[in-house]
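Worksheet for the structure shown next.
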Amino acid sequence: MSKMLRSLVASVGIAITFLPGHSAAEDAIPVELIVPVVDEAGSATTKSGPDGLSYPVYRVADQSPLFDAVRDILDQEPAQKALRFERWARQRAGKAPIDEPFHLALTQQEGGFPRYGCWIVRGNEPPRFSASGYVDLVPEEGGIASGLFEEIFVHETGHLVLSDLVGAMDGRRTSKFHQSMSITDRITAFDEGYAEHFQPIVRNTTTNPAMRRWMQGVGANDLNQLWLSDADANLRTDGVKRNIFIHAKLSRGGGDLYDRFVASETSSVFSTSELLNPQQMLASEGVVATLFYRMVNDDELRDSYAERTFYERFLGDFAGDPKQAVEPYDNINLKIMEAFVGMGEAEGRAPLIRFLNAYAAKFPGEAVRLRKLFIATTWGAVTSRSLADAFVRHAGLGQRGDIVGFRRENPFQQLVEVATDTAVPLDAEVGPELWVTNPGFLIQSSPWQTERTVPLSVDLNTASDVEMAAVLDLPEDQAGELVRLRAHDGHFDSFDEVSAALPEGQRSRLSSRLGDP
């Protein structure tokens, strides 16, 4: 760790033990820090790009203690690994130039964002347009010192990797705010889940002393953990490692319907005796993140290498034995990237399933192993209802300490049978998306916004009882009955099936709310 970052950590009052820093390799990916060019009123400026659209104008950042601390983070292993993946993705996608520095825009827009296209001013030179992807982050001292800046930078760079290789994904997106513990939609879950799986990896490998103390359980501040964003951030590591996101959340809170909606969305309390339904699993970024995390840590997938020519697609001219030149973690990530490329030709009812099928098609020798990993992670819920029921029974026996029943009901053999039967689609239990929007039930764009301005839009095959009541204006007992009816078969097959279950006077209301607001 640099002297500058040590000083910054001390300045925000974090008690730490310093650990040896990571020495950047000679071939480190260079990063150029850029900041907005502002007008006389202090507003960020924009300029039309070659395509006629408006793009932000940045200038190369000056030296400062804060920015020196950022540069130190970008030289560390987690950031450099993400930057290398982003460069390999651009190489595979044919998006030149791959030899220019990566750009990190340091702005005051809260959050982190992957972006494409900007103008860059260097000294007295005229602005130069760059169509490449870059990351936009706020350089907040506390986040830099705590390790969160490093973690979010890698997360946002992961979004660029996926976007470079997959492009825009078509489909409906919910109007709800996304979190690791929320059910959103199949596209958001895949996009965010892939980016989120890097966060526990960063925490595993960081040299940031404050984060290392946190991971050791000796740097915790219980008051900080009460804030929603911190709870979400910690779940992205702890929840992924414990595979908690496959479980339904326990309902909490009283108040009116909106209070219960917010309480349900922000709850991080899970019931290990109840699984999400198949549609909910595919719409959970936490489930997706867990699967990617398990993939990149699976020895069999990591150690299975392709032919030398495969690596040339990402690395350019390549000589020698891939096993000697490409470390296992890089190897599995290159194969994941190649599967992203193949998603457009793969079958499946959700991006995650298309990715898995594309991976199996690209690397058929690993198909059964990948099926086992997916089915074991989801307890079979997406693929085989009988297997999911067996997992739940097994879990119940184990939680009660019933050793005889626990041994008798072990679902492992059934898991092997389902995983090796490649004729069974991975999404065999998944139903259609049935989108409904209630323009009269407005929600916050994020939990910390005070105004409710966004109409609630949800898939009826993922909706909780509270969401069902909100989006269809139903009494909660009727909404609960709809959810129980859906659970009987695992999903609704059509809007007609939902309509038939509603009282006659409420069916026209459903018809008026189909699709977008």
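Screening Ser284 with (1) under 25 Å from Glu77 (Cα atoms); (2) of a type in the set (S, T, N, Q); (3) under 19 Å from the mean Cα position of the chain (by Cα) gives one miss only, at (1).
For the stretch 157-180, indicate whether the set of residues that are among the charged types (D, E, K, R), crowded, with 21+ Cβ neighbours inside 10 Å, in the same structural domain as Gln80 (by the TED database) and closer than 27 Å to Ala89 by Cβ is non-empty. Yes. Within the stretch 305-333, can you find the residues that are modelled with pLDDT of 95 or more and among the small types (Gly, Ala, Ser)? Once the filter is applied, which keeps residues that are modelled with pLDDT of 95 or more and among the small types (Gly, Ala, Ser), the stretch 305-333 yields only Ala306.
Here the helices (runs of 4 or more DSSP H) wholly within the stretch 399-479 that include at least 2 residues being in contact (Cβ under 8 Å) with a residue 60 or more places away in the chain are 465-472. Where helices (runs of 4 or more DSSP H) fall wholly inside the stretch 227-333, the ranges with 3 or more residues that are hydroxyl-bearing (Ser, Thr, Tyr) and touching a helix residue (DSSP H, G or I) at 6+ places or on another chain (Cβ under 9 Å) are 257-266. Determine whether the stretch 83-98 contains at least one residue that is aliphatic (A, V, I, L, M), touching a helix residue (DSSP H, G or I) at 6+ places or on another chain (Cβ under 7 Å) and free of Cβ contacts under 8 Å to residues at least 12 places away in the same chain. Among the residues of the stretch 83-98, at least one is aliphatic (A, V, I, L, M), touching a helix residue (DSSP H, G or I) at 6+ places or on another chain (Cβ under 7 Å) and free of Cβ contacts under 8 Å to residues at least 12 places away in the same chain, which makes the answer yes. Candidates are the residues of the stretch 334-377 that are assigned to a loop (DSSP other than H, G, I, E, B) and of a type in the set (D, E, K, R); the one that is surrounded by the most Cβ atoms within 10 Å (Cβ to Cβ) is Arg349. Annotation note: of Ile187, Ile183, the sole residue that is aliphatic (A, V, I, L, M), buried (at least 23 other Cβ atoms within 10 Å of the Cβ), within 13 Å of the chain's Cα centre (by Cα) and not assigned by the TED database to the domain that holds Tyr55 is Ile183.
The values are calculated or read from the model by the stated rules, or taken from the named source; none is laboratory data. Note that the structure is predicted; figures quoted are calculated from it, not measured. Here Cβ is always computed from backbone atoms with ideal geometry, including for glycine, and neighbour counts include all displayed protein chains.
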